[in-house]
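Engineer: The structure follows.
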Amino acid sequence: MESHLEHRSDPASAREALEAIGTDRGRIGERVTAETWWTAPAQGLGVALVIAAPAAGLLWAWLPFVLSIGIFVGVEVFFRKRSGLGITRPAGPRGLWLLVALFLIIFFSFVISMKLALFGLTGWVVALAVAAGVITAVIVVAYDRAYAAEVRRAG
Amino acid sequence: MLRPLADADFASIAATLELSEANLSKTVRNLVEIGYLATSKQASPQRTDARQTTTVKLTAQGRRAFDGHLAALRAMAGD
C-alpha cells in the first residue's frame, strides 16, 4: 500500500502521465490537420463569395451568400464525418487571435467591397474577394497548425 | 482526449487512442455510470446496417474531475 502511494506521488510518474495526455492530444491535432488540405480552400472560397456578393447587384447578391453558407455548413458536416471530432473553440490564445484577425479581415473587406460596388468598380470587388479568399485559406492553415500545437496543453 | 472537444465519435476515440472498441466500451460505460461522460446515439448515413454511431462527451462533472486531476499531476510534476 505504501509503495503504491509513493509511486502515485512520484514526479516522474506524473510527468509520464502528462506526456501520455499530451501524446493523445497530439493525435487530435493530427486528425485536424489531416483535413486542412480541403477545409482551407473551401473556407477561402466561402469568404470570397461573401466579399464578392456586392458585385452581383441588389437582385442577385443573395446567391453568393447562400452558396457561401452552403460551403461553411458543408465544411462543418464533412469535417465531423471524416474526423469524428466536434470542435467548437480554439485550443489556445494563438488560435483565438487568428480567429479575431480573420473576423476583422472579413468584416473590413466586406465594407470596402460594398463601397467599391457602389462606385461600380466590379473588377476591384472581384480582386478584393480573391485576395480575401486567399488570406482566409492561409489563416485557416495557420489556425489548424496552432490548434494542433495548442491542444496538447489545452485545459 | 475529450476535454478540449465538444464531443467525439466513439470509433474516432478508439482509433485516436489506439484502443479496442471493447476495452473503450467498458471504460466509457464505467465513466457514464459515475457521471463523467454522457453518450448519445444517432443513425449514421455511413453505415449500411441499422447500427447507430455513438457520440461521447464530458459532462460538467467530468470536466471538473479531469481539470482537478490535471492540476494535481502538474503540481506533482513540478510544472
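The values are calculated or read from the model by the stated rules, or taken from the named source; none is laboratory data. Quantities reported herein were computed from a predicted structural model and do not represent experimental measurements. Quick reminder, even Gly has a Cβ in these numbers, built from the backbone with ideal geometry, and neighbours come from all protein chains shown. Protein only, heavy atoms only, side chains kept; ligands, DNA and RNA dropped before computing areas. Shrake-Rupley method; radii C 1.70, N 1.55, O 1.52, S 1.80 Å.
Engineer: Going through segment A:144-155 one residue at a time, which ones are within 14 Å of another protein chain (Cβ to nearest Cβ) and open to solvent by 40 Å² or more (accessible area, probe 1.4 Å)?
Structural biologist: A:Ala149, A:Arg152, A:Arg153, A:Gly155
Engineer: Considering only segment A:60-74, I want to know if a residue exists there that is in contact (Cβ under 8 Å) with a residue 24 or more places away in the chain, under 15 Å from the mean Cα position of the chain (by Cα), open to solvent by 30 Å² or more (accessible area, probe 1.4 Å) and away from chain B (no Cβ under 12 Å). So that I can check it myself, show each step before the final result.
Structural biologist: Taking segment A:60-74 as the starting set, the residues that turn out to be in contact (Cβ under 8 Å) with a residue 24 or more places away in the chain are A:71-72, A:74.
Restricting the remaining residues to those that are under 15 Å from the mean Cα position of the chain (by Cα) gives A:71-72, A:74.
If we keep only those that are open to solvent by 30 Å² or more (accessible area, probe 1.4 Å) too, we end up with A:71-72.
Now narrow it down to the ones that are away from chain B (no Cβ under 12 Å): A:71-72.
Yes, segment A:60-74 contains at least one residue that is in contact (Cβ under 8 Å) with a residue 24 or more places away in the chain, under 15 Å from the mean Cα position of the chain (by Cα), open to solvent by 30 Å² or more (accessible area, probe 1.4 Å) and away from chain B (no Cβ under 12 Å).
Engineer: While we're on this one: Does segment A:103-122 contain any residue that is open to solvent by less than 40 Å² (accessible area, probe 1.4 Å) and outside any helix (DSSP H, G or I)?
Structural biologist: Looking for residues that are open to solvent by less than 40 Å² (accessible area, probe 1.4 Å) and outside any helix (DSSP H, G or I), one finds none in segment A:103-122, hence no.
Engineer: Which helices (runs of 4 or more DSSP H) sit wholly inside chain B and have at least 3 residues that are more than 8 Å from every other protein chain (Cβ to nearest Cβ) and at pLDDT 90 or above? Talk me through it step by step, then tell me what you get.
Structural biologist: On the way: elements: B:10-17, B:21-33, B:60-77.
Answer list for chain B: B:21-33, B:60-77.
Engineer: Could you please let me know if A:Ala131 is surrounded by fewer than 16 Cβ atoms within 10 Å (Cβ to Cβ), more than 14 Å from every other protein chain (Cβ to nearest Cβ) and within 18 Å of the chain's Cα centre (by Cα)?
Structural biologist: On the way: surrounded by fewer than 16 Cβ atoms within 10 Å (Cβ to Cβ): yes; more than 14 Å from every other protein chain (Cβ to nearest Cβ): yes; within 18 Å of the chain's Cα centre (by Cα): yes.
Yes: the conditions hold for A:Ala131.
Engineer: Search segment B:65-79 for residues that are open to solvent by 50 Å² or more (accessible area, probe 1.4 Å) and pair each with any residue that is not in a helix (DSSP H, G or I) when their beta-carbon atoms are under 7 Å apart and the residues are at least 6 apart or on different chains.
Structural biologist: Listed by first residue and then by second, the contacts come to B:Asp67/A:Gly155; B:Met76/A:Ser9.
Engineer: Mind checking whether some residue in segment A:20-27 is under 30 Å from A:Trp124 (Cβ atoms) and in contact with a helix residue (DSSP H, G or I) (Cβ under 8 Å, 6 or more places away or on another chain)? Let's see the steps before the verdict.
Structural biologist: Initially, segment A:20-27 is screened for residues under 30 Å from A:Trp124 (Cβ atoms), giving none.
No, because not a single residue in segment A:20-27 is under 30 Å from A:Trp124 (Cβ atoms) and in contact with a helix residue (DSSP H, G or I) (Cβ under 8 Å, 6 or more places away or on another chain).
Engineer: Among the residues of segment A:84-101, what is the count of those that are crowded, with 19+ Cβ neighbours inside 10 Å and assigned to a helix (DSSP H, G or I)? Show your work before the answer.
Structural biologist: Initially, segment A:84-101 is screened for residues crowded, with 19+ Cβ neighbours inside 10 Å, giving A:84-85, A:87, A:90-91, A:95, A:98.
Keeping just the survivors that are assigned to a helix (DSSP H, G or I) gives A:95, A:98.
Adding up the residues that qualify gives 2.
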